[in-house]
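Heads up: the structure comes next, in structure tokens.
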Amino acid sequence: MKAPDFDYLRPPTLTAAIALLVEHDGDAVALAGGQSLMAMMNFRVAAPEALIDLADVTELQGITRLGDSLRIGAMTRYVELAHAPEVRADLPLLIMALPHIAHDAIRNRGTIGGSLALADPAAEMPALMLVLDATIEVAGPDGTRLIKADDFFLGIYETALASDELIVAVHIPVARPEQRFAFHELAQRHGDYALAGVAVAQSGAHVRIAFFGVADRAMRLRTLESALSNAPDGAAVQAALPLLDGIEFNGDTRASAGTRQRLAG
Ligand code: FAD
């Protein structure tokens, strides 16, 4: 199918992009890489009156070091992340996860901001932001606000972003020497959306764990984190597996809720 008719707008600045969102009062949406949005429009799952292409908004581009964090512009594409020296040096968990996000053609266009705004429950980026304690910078008609990743993902395709706000950037603390990271994903084929995935960051005795692909959103499981902090060895992991009952696992045509729970374990 083809997308329904829409107006195409290409603002030159962040202020102009937000003004267009306000003007269209919920009937316009941002276009980033288009890798999810255009498919949704072609399937007629989404039918916005106008698309606001963010390609020329320079405020949404670039990667800069700010103190102990990297500030990554929302329009940074996966392929740029994978090759950025700062990301390669300071965000090893992202480098582990990026090859699991779709395929080259999609990684050439898809953006970090688009993934976070979409909040697909099976996407990798939201889980990484939870584990890395990232902060999402958003801008709207009333100015800029910072939202912790823990407060950003609310449900299936649902975030704390208002309809007249845009993600501007994400601030991710750089890895410290004592930190260790792990990433594991199970999918039907490499590059497909995850059936179950997990990202882990260990800082000394403390462990942060986020699952994706298993429930209505990427989520940390605090009881599991507490159980594995201080004693993150194989025996502790086995003993903690019943804590996965704390997740309301999704079932669908690809995998039942029970299968997803076993895969998550
Ligand atoms: P778009 O499609 O342009 O936009 C997505 C949504 O975000 C829209 O609602 C848009 O309005 C909104 N948006 C975009 N930017 C902003 C912003 N700055 N502020 C506010 N709202 C914004 N993704 C994965 O994570 N893992 C996968 O394994 C995976 N596999 C895929 C396989 C296929 C075959 C395809 C087609 C896609 C797959 N994707 C996967 C999705 C892909 O990663 C998308 O690119 C990504 O989810 C959305 O990024 P985008 O830049 O393309 O956003």
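Quick notes
- When residues of the range 28-55 are limited to those that are near the ligand (Cβ under 7 Å from one of its atoms) and in a helix (DSSP H, G or I), the one farthest from Val168 (Cα to Cα): Ala39
- Among the residues listed as Arg189, Arg217, the single one being modelled with pLDDT under 95 and closer than 23 Å to His103 by Cα: Arg189
- Top-ranked residue of the range 56-86 - restricted to ones that are out of contact with any strand residue (DSSP E or B) (no Cβ under 7 Å at 6 or more places or on another chain) and in a loop (DSSP other than H, G, I, E, B), ranked as nearest to the ligand (Cβ to nearest atom): Val57
- Scan of the range 92-143 for residues that are surrounded by 18 or more Cβ atoms within 10 Å (Cβ to Cβ) and of a type in the set (S, T, N, Q), ordered by number: Thr111, Ser115, Thr135
- Of all residues in the range 114-152, those that are within 13 Å of the ligand (Cβ to nearest atom) and either in a helix (DSSP H, G or I) or within 10 Å of the chain's Cα centre (by Cα) (or both) total 17.
- Options Gly234, Gly246, Gly258: the member that is at pLDDT below 90 and exposed (fewer than 13 other Cβ atoms within 10 Å of the Cβ): Gly234
- Residue that is within 22 Å of Ala201 (Cα to Cα), free of Cβ contacts under 8 Å to residues at least 24 places away in the same chain and surrounded by 14 or more Cβ atoms within 10 Å (Cβ to Cβ), where the choices are Ala46, Ala84: Ala84
- Search result, residues across the range 64-91 that are out of contact with any helix residue (DSSP H, G or I) (no Cβ under 7 Å at 6 or more places or on another chain) and among the polar types (S, T, N, Q): Thr64, Ser69
The values are calculated or read from the model by the stated rules, or taken from the named source; none is laboratory data. All values derive from a computational prediction rather than experimental measurement. Methodologically, a virtual Cβ is constructed for each residue, glycine included, from the backbone with ideal geometry; neighbour enumeration extends over all protein chains shown.
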